[in-house]
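Notes to accompany the following structure.
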Amino acid sequence: MTKESLDEKIHEAFKSLQVEELGFDTFNKHTKISARTIRKYYDNWSEACKANGLKSGTVQDTVSMETLANNFLSVVSADGEIPSLHRLIRLAKRGEHVFSKKTGGYDNFKRKAIKHLFAVESVKDSKILELLQNELKRLESKSVSVPQEKAVRPHEHGSMLGFRAFAHAPTYENEVVAIFGAIAHEIGFEIISNRSEFPDCKANRKIEGSARKRYKECLIEFELRSSDFKAHKHPVNGCDLIVCWEHDWKDCPLEVLELKKAIQPLSGWREN
């Protein structure tokens with residue numbers, strides 16, 4: 001797919017779904033175009049929308065209940081029965097989340113939509129009115145299931161480390177972030193900001209060998225292992241440095257800071 005055809009599909013989706021904002025999940029379900037295709041031409045879905053003069057977001061937040069209830073009523077009136085979710089989204093030409101996620105499921109949507117239609121007295125046909133009354137009665141009589149509390153997974157940890165406050169070696173990326181934050185100043189970094197989006201960190205890095213205390217900007221991606229950068233399919237040109245616990249990527253095109261080795265010259269290190 002070319003960039004031009006992708007842009008055309010994006011505009012067609014907004015027009016077809018009749019929305020001012022569109023989330024990627026809904027776009028994907030509507031067009032079957034993957035995130036990988038988006039990333040061929042844009043950093044992310046938000047940038048793709050912005051480049052086309054459109055707004056990324058979630059469809060369900062931009063369509064009023066009045067509009068959705070009327071969509072529902074139109075399908076009920078045409079079919080003479082309560083439609084399945086699949087049929088409703090197909091005939092209403094809207095994403096699945098519009099009729100389910102926003103209200104906590106399709107049953108909850110139907111309950112709210114029918115109550116809205118009754119409140120504004122939109123239902124004129126007596127047979128459709130009776131059909132909706134029976135459906136609402138059925139929905140209201142359904143037992144409300146109490147969601148099971150999700151079991152809290154116990155913490156796991158790596159091998160013994162014993163470096164300062166870190167008893168164990170990292171086994172998750174966020175533990176790499178924690179160790180880097182603890183020693184950043186000592187190894188010549190000033191952290192400006194961290195985030196969960198690529199690249200993870202923006203920092204100032206001290207220029208080695210400079211007679212004056214000078215820094216330059218450094219964009220950092222945190223990984224448990226350097227090869228995870230490749231596995232996550234991050235763009236090489238969007239990052240200056242990989243900070244990881246273990247460097248296992250042969251011929252890595254980026255500079256790598258391996259914390260396992262970087263902490264050894266520092267105070268608090270003891271060889272296990």
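Taken together, the values in this text are just the output of simple stated rules run on the coordinates, not laboratory data. In this text the structure is predicted, and so the values were computed from the model without any measurement. In this analysis, Cβ positions are derived from the backbone assuming ideal geometry, glycine residues included, and neighbour counts consider all displayed protein chains.
Some notes on this structure:
- Dipole axis of the chain (+1 Lys, Arg; -1 Asp, Glu on Cβ), positive-most option in THR26, TYR41, LEU259: THR26
- Cβ charges +1 (Lys, Arg) and -1 (Asp, Glu), total dipole of the chain, debye: 300 debye
- Here LEU129, LEU68 are placed in order of increasing Cβ neighbour count within 10 Å, fewest first, which gives LEU129, LEU68.
- Along its three principal directions, the equivalent ellipsoid of segment 65-141 from the Cα gyration tensor extends over semi-axes of 18, 14, 11 Å, largest first.
- Scaling the Cα radius of gyration of the chain by the globular reference 2.2 N^0.38 Å produces a ratio of 1.45.
- Exposure proxy ranking, count of Cβ atoms within 10 Å, fewest first, for ILE242, ILE82: ILE82, ILE242
- Per-residue extension of 0.36 nm, minus the Cα-Cα distance of ASN204 and LYS50, leaves a gain of 52.5 nm for this segment.
- Residues of type lysines that LYS216 reaches as a straight line, Cα spacing below 20 Å, ignoring anything fewer than 8 places off in the same chain: LYS202, LYS206
- Taking other Cβ atoms within 10 Å as a rough exposure proxy, TRP245, TRP45, TRP269 sort from fewest to most as TRP269, TRP45, TRP245.
- Selected from LYS150, LYS112, LYS32 as most flexible by GNM, with the chain as the system and alpha-carbon contacts under 10 Å: LYS150
- Over segment 154-195, the alpha carbon radius of gyration divided by the compact-protein estimate 2.2 N^0.38 Å works out to 1.27.
- Taking every DSSP helix (H) stretch of at least 4 residues in the chain, weighting each as -39,500 (n - 2.57) and dividing the sum by the residue count yields a mean residue ellipticity at 222 nm of -12000 deg cm²/dmol.
- Cα shape, segment 160-262, gyration tensor, a/c 1.5 rule: oblate
- Segment 3-61: C-alpha gyration tensor shape, a/c 1.5 cut-off, then a/b vs b/c: rounded
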